[in-house]
């Protein structure tokens with residue numbers, strides 16, 4: 001992913017501005033998946049369809065991935081067949097701060 005986007009995303013995840021949720025980019029209660037935070041800081045605002053997905057897949061989300069340089073819809077780390085993703089970390093209980101640290105260490109492979 002792009003370094004400047006990584007820095008902005010990590011800052012947003014650590015800011016305390018976002019309530020963490022699971023299963024959706026942005027829930028009706030105002031909570032976000034870590035990938036929803038990426039969508040929120042992007043130049044592309046959330047759409048009603050975002051409430052139906054937990055990944056940056058499909059044509060509407062492709063602009064966010066292109067802008068950020070994120071390689072996969074779920075934020076998989078690309079190396080040695082690693083099946084873990086940012087979406088799975090988020091939904092398994094990793095805090096935004098822990099996810100931010102992972103992103104900082106692995107941004108070149110995301």
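The values are calculated or read from the model by the stated rules, or taken from the named source; none is laboratory data. Note that this is a predicted model, so its numbers are computed, not measured. Reconstructed Cβ throughout: ideal geometry from the backbone, glycine too, with neighbour counts over all protein chains shown.
In the stretch 1-40, which residues are at positive phi and touching a strand residue (DSSP E or B) at 6+ places or on another chain (Cβ under 8 Å)?
30
Just checking: which of the helices (runs of 4 or more DSSP H) contained wholly in the stretch 1-83 hold 2 or more residues that are within 19 Å of residue 97 (Cα to Cα) and out of contact with any helix residue (DSSP H, G or I) (no Cβ under 8 Å at 6 or more places or on another chain)?
Details: elements: 3-14, 34-41, 59-68.
In the stretch 1-83, 3-14 are the helices (runs of 4 or more DSSP H) which contain 2 or more residues that are within 19 Å of residue 97 (Cα to Cα) and out of contact with any helix residue (DSSP H, G or I) (no Cβ under 8 Å at 6 or more places or on another chain).
Residue-by-condition table, conditions (1) more than 13 Å from residue 9 (Cα to Cα); (2) exposed (fewer than 14 other Cβ atoms within 10 Å of the Cβ); (3) modelled with pLDDT of 90 or more:
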| position | (1), (2), (3) |
| --- | --- |
| 21 | yes, no, yes |
| 28 | yes, yes, no |
| 81 | yes, yes, no |
| 86 | no, no, yes |
| 102 | no, no, yes |
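Of everything in the stretch 27-41, what is under 17 Å from residue 89 (Cα atoms) and over 11 Å from the mean Cα position of the chain (by Cα)? Give them in sequence order.
31
Answer yes if at least one residue in the stretch 69-78 is at pLDDT 95 or above and either surrounded by fewer than 20 Cβ atoms within 10 Å (Cβ to Cβ) or over 17 Å from residue 89 (Cα atoms) (or both), and no otherwise.
Looking only at the stretch 69-78, we keep the residues that are at pLDDT 95 or above, and these are 69.
Keeping just the survivors that are either surrounded by fewer than 20 Cβ atoms within 10 Å (Cβ to Cβ) or over 17 Å from residue 89 (Cα atoms) (or both) gives 69.
There is at least one residue in the stretch 69-78 that is at pLDDT 95 or above and either surrounded by fewer than 20 Cβ atoms within 10 Å (Cβ to Cβ) or over 17 Å from residue 89 (Cα atoms) (or both).
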